[in-house]
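Derivation of every value follows stated rules applied to the coordinates shown; laboratory data play no part. Computed from a prediction, not measured in an experiment: that's the story for all the values here. Cβ sites come from the backbone with ideal geometry, for glycine too, and all protein chains shown count toward neighbours.
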Amino acid sequence: MVASDAFAEFLRDQLAPLGRITMRRMFGKTGVFCDGFMLGMVTDNTLYFRVDDDNRAAFQEAESFPPLNYEKKGSTIDLSFWRSPERLFDEPDELVAWARVALAAARRD
């Protein structure tokens, strides 16, 4: 499911220090963009940040959660988006720090 209007607005407010935050519905989910780069995705009001080989170590805490995935022809396809820990929503500065790392991965892609 896509992000609720309230959750999308919350993310726009929290991530504003990064730049122009926009949301776009795609594939039944919501893409989170900063200045045109997709740094995250939301499904069921759960935020997933973009992860790549260069920033994976920064997201070690997120490894305890399954990555965003979908089913295709009977198999599960994992995407390069890892679930953000819930505690980040109580720590706005750290949420922005994680988002910066994800944005850097989006720019490398």
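Can you give the translational diffusion coefficient of region 1-80 in µm²/s, computed by Stokes-Einstein from the Kirkwood radius over Cα pairs at 37 °C and 0.692 mPa s?
Working: Rh = 13.5 Å.
The Stokes-Einstein estimate is 244 µm²/s.
Given a cut-off of under 8 Å on Cα pairs at least six residues apart, what relative contact order in percent is computed for region 13-109?
Dividing the mean separation by the residue count of region 13-109 yields 28 percent.
Could you give each residue of region 49-61 its phi-based ³J(HN,Hα) in whole Hz, using Karplus coefficients 6.51, -1.76, 1.60 with θ = phi - 60°, and x for Gly or Pro?
9, 5, 10, 9, 4, 6, 10, 4, 4, 5, 10, 3, 4
Among 27-36, 64-73, what's the highest-first ranking by average C-beta atoms within 10 angstrom per residue?
27-36, 64-73
Once Rh for region 1-40 is found with the Kirkwood sum over Cα pairs, what is the Stokes-Einstein diffusion coefficient at 25 °C and 0.890 mPa s, in µm²/s?
Once the numbers are plugged in, D ends up at 244 µm²/s.
As a test of the formula, what do you get for the chain when each DSSP H run with n ≥ 4 contributes -39,500 (n - 2.57) and the sum is divided by the residue count, at 222 nm and rounded to the nearest 500 deg cm²/dmol?
My calculation for the chain gives -8500 deg cm²/dmol from helical runs alone.
Could you go through region 34-40 in sequence order and give the Karplus-derived ³J(HN,Hα) for each residue, using 6.51 cos²θ - 1.76 cosθ + 1.60 with θ = phi - 60°, rounded to whole Hz, and x for Gly and Pro?
Karplus-based 3J(HN,Hα) across region 34-40 equals 10, 6, x, 9, 7, 9, x Hz.
Can you list residues whose amide H is under 5 Å from VAL51's amide H, if they're 5+ apart or on another chain and H is modeled 1.01 Å from N?
Excluding prolines and chain starts, which carry no amide H, the hits are PHE81, TRP82.
If packing is taken as the average number of other Cβ atoms within 10 Å across a peptide's residues, how do 4-16, 92-104, 37-49 rank, most packed first?
Going by the mean number of other Cβ atoms within 10 Å, highest first, we get 37-49, 92-104, 4-16.
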